[in-house]
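In what follows, a single structure is set out as structure tokens and then discussed.
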Amino acid sequence: MPIRQLSETMINQIAAGEVIERPASVVKELVENALDAGAGRVEIVTAGGGLNLIRVTDDGGGIPEQELELAVARHCTSKLSTDINDIRSLGFRGEALPSIGSVARLSIRSRTAAGDSAAEISIEGGRIAPVRPAAANRGTTVEVRDLFFATPARLKFMKGERAESSATSDVIKRIAIAFPAVRFTLAGSDRSTLELPATDDTPEGQLRRLAQVMGADFPENSIAIDAGREGVRLTGHVSIPSFTRANALQQYAYVNGRPVRDKLIAGAIRGAYMDVLPRDRHAVVALFLTLDPATVDVNVHPAKADVRFRDPGLVRGLIVGAIRQALTDAGIRAATTGAAGMMAAFRPGATSFGHGGPANNHRSYEAAYRASGSGYDPARSPQRPLDMGFGESDQPAFETGPSMSADARASQTEANETLLGMVLGAARAQVHENYIVAQTRDSLVIVDQHAAHERLVYEALKNALHSRPVPAQMLLLPEIIDLPEEDADRLAQHAETLRRFGLGLERFGPGAIAVRETPSMLGETDVQQLVRDLADEIADNDTIETLTERLHHIAATMACHGSVRSGRLLKPDEMNALLRQMEATPGSGTCNHGRPTYIELKLGDIERLFGRR
């Protein structure tokens, strides 16, 4: 087949296939253009999930009339200097507008601050119409109609309107976090309005924007991050271990202000929370990396979603170290959602006080009575005492046998005023031989004694692992493992570090590694699989976290079996000692499996339960 030059329209449609995946991709490109133009307000309107209409209006610098034709020409941009390594804007490739115009009906209406009037240009399926005068305020309005009408095959791969609208909303939120001083609105006939008012670029303003996107409970359940290493700075906020989500959708990462979905950053976040979260839970984070543009490649993907760092090990180490240090410095904190869950547990069912007024309550009682049939049933009566889940069989008032439900020994003497001022307060009782009830000056604290002591033992074992070399066991016969030459080289370079963790290995000819020692804690293990996993991780992240994770898993198992068991009666001094150890131990707000070790209920919440507030 002879070689021939593709038409400009086909070139743009191929580029559109790379850049314009769905309506949310169009919104991303247009909003980034608005922000690069210095907009302080960005308004987005969609219809049909974005397939029928996308309109983005901003109050930025605008496009001069004589440059409108260049704006829709391929590879024309105002954002790139002569140095391809010095990229300081969100967009720079000059492909978005001509690519959108090749598969949709596109119009751009713009006016500069110095312009007396606006001008407009249109593209339909790649055909450009002449520039014409228009009426508009300062800024730019880009309107995209009938997306993919020129390439109808792409429409088969679109999801429903709700899914496309949700993807667009996620894009706006992800961008808005990086620009708190900009006001964003997203509206349309197919969705409720999303409005994110402008705050400011201060840390407080940034936190207010995070609350707008992540929820009002995020600020009080988060920790500020501010760390740097070798010219790389990391800022942002991360959630405390007891505040989690079921997926990673609320993990936001930014590189020089650009929202990215980078597997290295995602892996670093998982590594930082490795032993404080359950495997099926995810932290809530917003991290901002700032570094020299020359040390990061943002041009590895047409949609600029991925980046590549010159020194990935440095970036990963900074993220893991900064988050772990922040969690340690924050001390012991319980998520406010734990108290909310407890409040909800105390108020089961629809019956509640203070809602609807006496008339509504009376009508609900009558309805319940009519539904009960012919006779009166005390168990079904709406006038019965609320069942809070504490029902027990009758007991002597001062029973002291092993079946007692609360150990009152801790409350025989008045709590020391100093203890009441501590984070976890003074132990007052032990409930069901597993839960310590403590009192502070303004709250009630319930501690799971087994989970709490499990974390304390685990942290002690971890400190022992990292404070001295891990004991190793010599293999009777060295394990010879064939590997690609580059993997063998990487392992050999990390041989000294691996030896500290009890894994002794050395080169054994070309493309082979000889393992002579393994960590004693691992016992009998699959050495070949362990070494191959380590080689893969070093290739990806230049770390040896696989071995560390295995050792920590063994330590966690030992801690679980060596901690205070459920069902053990504790003396008051033992309970208070456990509380003080928790306060002094990093990460003690969750156990090794990620479950909370304590829940705190403020006095104000308790008073609301009893209608005192």
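Just a few scattered comments:
- When residue 288 is tested against the conditions (1) in a helix (DSSP H, G or I); (2) at pLDDT 90 or above, the lone failure is (1).
- Selection count, region 295-344, where residues are among the hydrophobic types (A, V, I, L, M, F, W, C) and modelled with pLDDT of 85 or more: 11
- For region 88-133, filtering for residues that are buried (at least 23 other Cβ atoms within 10 Å of the Cβ), among the hydroxyl-bearing types (Ser, Thr, Tyr) and in a strand (DSSP E or B) leaves 1.
- Scanning region 197-223 for residues that are β-branched (Val, Ile, Thr) and under 17 Å from the mean Cα position of the chain (by Cα), we see that the one that is surrounded by the fewest Cβ atoms within 10 Å (Cβ to Cβ) is 223.
Per-residue answers, yes or no, for (1) part of a loop (DSSP other than H, G, I, E, B); (2) under 18 Å from residue 568 (Cβ atoms); (3) not acidic (Asp, Glu):
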position: 422; (1), (2), (3): yes, no, yes
position: 427; (1), (2), (3): no, yes, yes
position: 444; (1), (2), (3): no, no, yes
position: 447; (1), (2), (3): no, yes, yes
position: 452; (1), (2), (3): no, yes, yes
position: 455; (1), (2), (3): no, yes, yes
position: 465; (1), (2), (3): no, no, yes
position: 475; (1), (2), (3): no, no, yes
position: 481; (1), (2), (3): no, no, yes
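- Pairs where the first residue, in region 500-521, is outside the structural domain of residue 467 (by TED's automatic domain parsing) and within 16 Å of residue 482 (Cα to Cα) and the second is among the aromatic types (Phe, Trp, Tyr) and surrounded by 22 or more Cβ atoms within 10 Å (Cβ to Cβ), C-beta under 6 Å, 6+ apart: none
- Out of 77, 46, sole residue that is in the same structural domain as residue 153 (by TED's automatic domain parsing) and either of a type in the set (Phe, Trp, Tyr) or over 18 Å from residue 99 (Cβ atoms) (or both): 46
- Check on residue 34, buried (at least 22 other Cβ atoms within 10 Å of the Cβ), at pLDDT below 90 and under 25 Å from residue 306 (Cα atoms): no
- Restricting the first member to region 195-209 and to residues that are farther than 13 Å from residue 235 by Cα, and the second to residues that are among the aromatic types (Phe, Trp, Tyr), the beta-carbon pairs closer than 8 Å and six or more apart or on different chains are 195/184; 196/184.
- For region 581-605, taking the residues that are touching a Ser or Thr at 6+ places or on another chain (Cβ under 7 Å) and part of a loop (DSSP other than H, G, I, E, B), the one that is nearest to residue 449 (Cα to Cα) is identified as 597.
- Some residue of region 207-223 being in a helix (DSSP H, G or I), in the same structural domain as residue 114 (by TED's automatic domain parsing) and either in contact with a Cys (Cβ under 9 Å, 6 or more places away or on another chain) or not basic (Lys, Arg) (or both): no
- Scanning region 410-439 for residues that are charged (D, E, K, R), buried (at least 18 other Cβ atoms within 10 Å of the Cβ) and either more than 12 Å from residue 579 (Cα to Cα) or modelled with pLDDT under 80 (or both) gives a single hit, 433.
- Within region 224-254, the set of residues being in a loop (DSSP other than H, G, I, E, B) and within 12 Å of the chain's Cα centre (by Cα) comprises 240, 241, 243, 246, 247, 248, 249, 250.
- Only one of the listed residues (264, 249, 277) is crowded, with 19+ Cβ neighbours inside 10 Å, farther than 23 Å from residue 588 by Cα, outside the structural domain of residue 25 (by TED's automatic domain parsing) and of a type outside the set (Gly, Ala, Ser). That residue is 264.
The values are calculated or read from the model by the stated rules, or taken from the named source; none is laboratory data. What you see is a predicted model; the values in this text were computed from it and never measured. Every residue, glycine as well, gets a Cβ built from its backbone with ideal geometry; the counts of neighbours run over all protein chains shown.
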